[in-house]
Amino acid sequence: MTDAPATQTAIAHIDVRILPPVERHPRIFGTLNSLTPGQSLHITSDHEPRPLQYQLDTALPGKFSWEYLEQGPDVWRVEITRLDAGCDCCCGSH
């Protein structure tokens, strides 16, 4: 008997370079809120996404990890992984 190959979960990807600026953060946060613990989102950008990281750390502290996959100068790519399944609202519940 052989083992079935491991199923890999597809990683969501958003290339913000092709989105109007007004749609970028809502699309990113909508996708992040849909992730379950262990799932990741890859973001590709034409600029340093540090403001997004600050916004994420402020709005949802401790819920996501942030890892640079590529750091410019023309393209930045990051992987954001869901760590916590707690409440995403502002009530302070976990």
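The residue pairs whose first member lies in region 18-47 and is within 19 Å of Gly72 (Cα to Cα), whose second member is assigned to a strand (DSSP E or B) and modelled with pLDDT of 95 or more, and whose beta carbons are closer than 6 Å, counting only pairs six or more residues apart or on different chains, are Leu41/Ile80; His42/His13; His42/Glu79; Ile43/Ile14; Ile43/Val78; Thr44/Asp15; Thr44/Arg77; Ser45/Trp76. Pairs meeting the criteria (first residue in region 69-85 and in a loop (DSSP other than H, G, I, E, B), second residue among the aromatic types (Phe, Trp, Tyr) and open to solvent by 40 Å² or more (accessible area, probe 1.4 Å), beta carbons under 6 Å, at least 6 apart or on different chains) are lacking.
Take the residues in region 59-94 that are polar (S, T, N, Q) and at pLDDT 95 or above; name whichever of them is least open to solvent (accessible area, probe 1.4 Å). Explain how you work it out, then say what you get.
Looking only at region 59-94, we keep the residues that are polar (S, T, N, Q), and these are 65, 71, 81, 93.
From what's left, at pLDDT 95 or above: 65, 71, 81.
Details: Ser65: 44, Gln71: 116, Thr81: 22 Å².
The selected residue is Thr81.
The values are calculated or read from the model by the stated rules, or taken from the named source; none is laboratory data. Predicted model, so just to flag it, every value in this text is computed and none were measured. Cβ: placed from backbone, ideal geometry, glycine included. Neighbour counts: every protein chain shown. Quick note on the areas: whole protein, heavy atoms, side chains included, nothing else; ligands and nucleic acids left out. Shrake-Rupley method; radii C 1.70, N 1.55, O 1.52, S 1.80 Å.
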